[in-house]
Amino acid sequence: MKVLSVIGQKGGSGKTTVALAVATAAALDGQRAAVIDLDPQATAARWSDRRTHAVDAPAVVSCQAARLEAVLRTARAQGVELAVIDTPGKATDVAIAAARAA
């Protein structure tokens with residue numbers, strides 16, 4: 001499984017948009033894709049909640065950074081080919097965990 005982390009030190013810079021666009025493009029291309037939303041605002045998760053009937057939308061999981069490794073293990077076990085990690089807009093331990101995972 002490939003892991004891509006979208007990291008930036010500023011909120012509102014488009015990290016969630018990039019994460020969702022990359023994962024959606026992969027899903028439309030036939031890959032099993034997932035977005036892991038580490039941002040407490042949970043924008044990616046809310047995007048997914050509004051698309052309950054979308055056929056080719058990537059799975060989106062909202063979690064805390066402490067659960068990142070467990071969520072990645074589950075994604076790998078379920079056959080996810082691309083996991084895109086969406087991070088909050090500040091330099092924190094969350095960004096470091098996401099960078100290490102990628």
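Taking segment 19-57 as the range and being free of Cβ contacts under 8 Å to residues at least 24 places away in the same chain, assigned to a loop (DSSP other than H, G, I, E, B) and under 13 Å from the mean Cα position of the chain (by Cα) as the test, only Ala42 passes.
Residue by residue through segment 56-102, note down the ones that are among the basic types (Lys, Arg) and over 13 Å from Ile36 (Cα atoms). Working first, answer last.
First, pick out the residues of segment 56-102 that are among the basic types (Lys, Arg): 67, 73, 76, 90, 100.
Scanning segment 56-102 gives Lys90, Arg100.
Go through segment 58-77 residue by residue and tally those that are among the polar types (S, T, N, Q) and either outside any strand (DSSP E or B) or open to solvent by less than 60 Å² (accessible area, probe 1.4 Å) (or both).
Number of matching residues: 2.
Considering only segment 79-91, state which residues are open to solvent by less than 40 Å² (accessible area, probe 1.4 Å) and under 17 Å from Thr16 (Cα atoms). Across segment 79-91, the qualifying residues are Leu82, Ala83, Val84, Ile85, Asp86, Thr87, Pro88, Gly89.
Of all the numbered requirements in (1) of a type in the set (A, V, I, L, M); (2) under 21 Å from Lys90 (Cβ atoms); (3) modelled with pLDDT of 95 or more; (4) open to solvent by 60 Å² or more (accessible area, probe 1.4 Å), Leu20 misses one, and that requirement is (4).
The values are calculated or read from the model by the stated rules, or taken from the named source; none is laboratory data. A quick note: this is a predicted structure, and the numbers were derived from the prediction, not measured. In this analysis, Cβ positions are derived from the backbone assuming ideal geometry, glycine residues included, and neighbour counts consider all displayed protein chains. Calculation scope for accessible area: heavy atoms of the full protein, side chains included, ligands and nucleic acids excluded. Shrake-Rupley method; radii C 1.70, N 1.55, O 1.52, S 1.80 Å.
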